[in-house]
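The values are calculated or read from the model by the stated rules, or taken from the named source; none is laboratory data. Nothing here was measured: the structure is a model prediction, and the numbers come from that model. Because the Cβ atoms are built from the backbone with ideal geometry, glycine has one as well, and the counts that use them run over all protein chains shown.
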């Protein structure tokens, strides 16, 4: 039986009709809403590639059933900025060349956004803790840390978020 699920994605209301309420949010984002920035990594909610913000909280969505976000606000990497006007975090990651393959970066950037929304002046230890659930196999951790610190400074200085 087809069910309808209403929620907000990147500030826009969406409604999806699905036969299976257990369909993972990641599948809905990619296959129904054509938002390809959020990635499938492990499928077990362990690597962080699929991290999105749900009501401002970073959550992995590769196994999260779509029914669990009904009525909630979801933000993906596409909701942060545009190629013409990237979010300060996105720009800092570009400036610092904070990724090699880039596969994990959407989850890392979204997790960093949640941190900076709560704490505009995080220490390196706080940044490391906030990104602890995001795995990057390329070894770009030092550049990632620098990018988050740079974005935090820019946001504190008044860069639009």
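Selection within region 55-79: residues that are free of Cβ contacts under 8 Å to residues at least 40 places away in the same chain and either in contact with a helix residue (DSSP H, G or I) (Cβ under 6 Å, 6 or more places away or on another chain) or closer than 23 Å to residue 138 by Cα (or both). The member of this set that is surrounded by the most Cβ atoms within 10 Å (Cβ to Cβ) is 61. Check whether at least one residue in region 29-39 is assigned to a loop (DSSP other than H, G, I, E, B), crowded, with 22+ Cβ neighbours inside 10 Å and out of contact with any strand residue (DSSP E or B) (no Cβ under 8 Å at 6 or more places or on another chain), and report yes or no. No; the residues of region 29-39 include none that is assigned to a loop (DSSP other than H, G, I, E, B), crowded, with 22+ Cβ neighbours inside 10 Å and out of contact with any strand residue (DSSP E or B) (no Cβ under 8 Å at 6 or more places or on another chain).
Being without any contact (Cβ under 8 Å) to a residue 40 or more places away in the chain, closer than 22 Å to residue 49 by Cβ and crowded, with 23+ Cβ neighbours inside 10 Å holds for only one residue in 112, 147, and it is 112.
The residues in region 1-28 that are surrounded by fewer than 15 Cβ atoms within 10 Å (Cβ to Cβ), under 17 Å from residue 80 (Cβ atoms) and in contact with a strand residue (DSSP E or B) (Cβ under 9 Å, 6 or more places away or on another chain) can be counted, and the count is 1.
Residue check: residue 21 meets all listed conditions (1) modelled with pLDDT of 95 or more; (2) over 17 Å from the mean Cα position of the chain (by Cα); (3) in a loop (DSSP other than H, G, I, E, B) but one, namely (1).
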